[in-house]
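The values are calculated or read from the model by the stated rules, or taken from the named source; none is laboratory data. Small disclaimer: the values here were computed from a predicted structure and weren't measured. Here Cβ is always computed from backbone atoms with ideal geometry, including for glycine, and neighbour counts include all displayed protein chains.
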Amino acid sequence: MATVLSSPLQPRIIRRSQLRHAQPAAPSTNSNPPIPPEAAPALPPVSVREPAPVAPPASRVQIVDHPAAMHALTVLRDQQTPHYEFRTTSNQLLVLLAVEAMRSLTLRERRVETSAGSWNGGLLAKPVVFLSVTRDGLGLSHNLADCLPGLLVGGISIERTIESQVFQPRLHLASAPALSDARVILFDPVVSTGSTSGVALNLVRRLGANDISLVSFIVSSQGLLRLQADCPTLTVWTAGVDSDWDPTKRASTQALADFGTRLFS
């Protein structure tokens, strides 16, 4: 797993071999002839400390670089992938990302009786609520219930009124606990502008959620910056970050802009 910084600094590095050229020569006031280079005393080595990049607090992006995740993302990007394989691979990639997103969950101790005696184990300390931001992702989300223990699956629908052009999000989740007591995982298969995910993120925050992660197959760098500006504490789990997204064309040469069409065709 690799951590990607959204806007790392690029410090200017001066190597030790370039120090002599980088420092201006001071004017000489000594009238004695210069000492030949071979007779000059050896100078102690100069230690140069290169400044480390400073990570902004919003840099909480986790790229799941598991070989199986890269394999799945390659299959999804391939326009020659058949529809059945596309759906199967989407399910596989979602399970990989969701498992990684739950890596930091806390456990509560549980003592159980086994055939060999008592054993101290652990159970999830808080419920996990998995919310799909789009209807495309909702068709995949329900398959997670068989893979992850105690997972609650729901969705967020987003409509926009014609008169005001204002987004109206709604939460669809039956028998749900208070979101303030749960780990909330939002799922948006493809994050392009970040507007849809941003609306869903603001909704769950208004409902009390404070432990939120976002899972996405691929996110654009523009959408990522927008989400991080809205919620600096958001952690994003993805298989790739696309820096080639073109806002004028609303697509990318590498993104899955036609994800919904390929998933249900």
Residue identified as under 25 Å from G240 (Cα atoms) and surrounded by fewer than 19 Cβ atoms within 10 Å (Cβ to Cβ) among S220, S195, S216: S195
I need every pair where a residue in the range 121-150 that is touching a residue at least 24 places away in the same chain (Cβ under 8 Å) and of a type in the set (D, E, K, R) has its Cβ under 9 Å from the Cβ of a residue that is assigned to a helix (DSSP H, G or I) and surrounded by 19 or more Cβ atoms within 10 Å (Cβ to Cβ), sequence separation at least 6 or different chains. D136/F259
Answer yes if at least one residue in the range 206-226 is over 21 Å from L171 (Cα atoms), out of contact with any Phe, Trp or Tyr (no Cβ under 7 Å at 6 or more places or on another chain), part of a strand (DSSP E or B) and not acidic (D, E), and no otherwise. yes
Looking at the range 127-186, which of its residues are touching a strand residue (DSSP E or B) at 6+ places or on another chain (Cβ under 9 Å), at pLDDT below 85 and part of a loop (DSSP other than H, G, I, E, B)? T134, L148, P149, G150, T161, V166, A174, S175, A176, P177
Name the residues in the range 89-136 that are farther than 24 Å from Q62 by Cβ and of a type in the set (V, I, T), would you? V112, T114
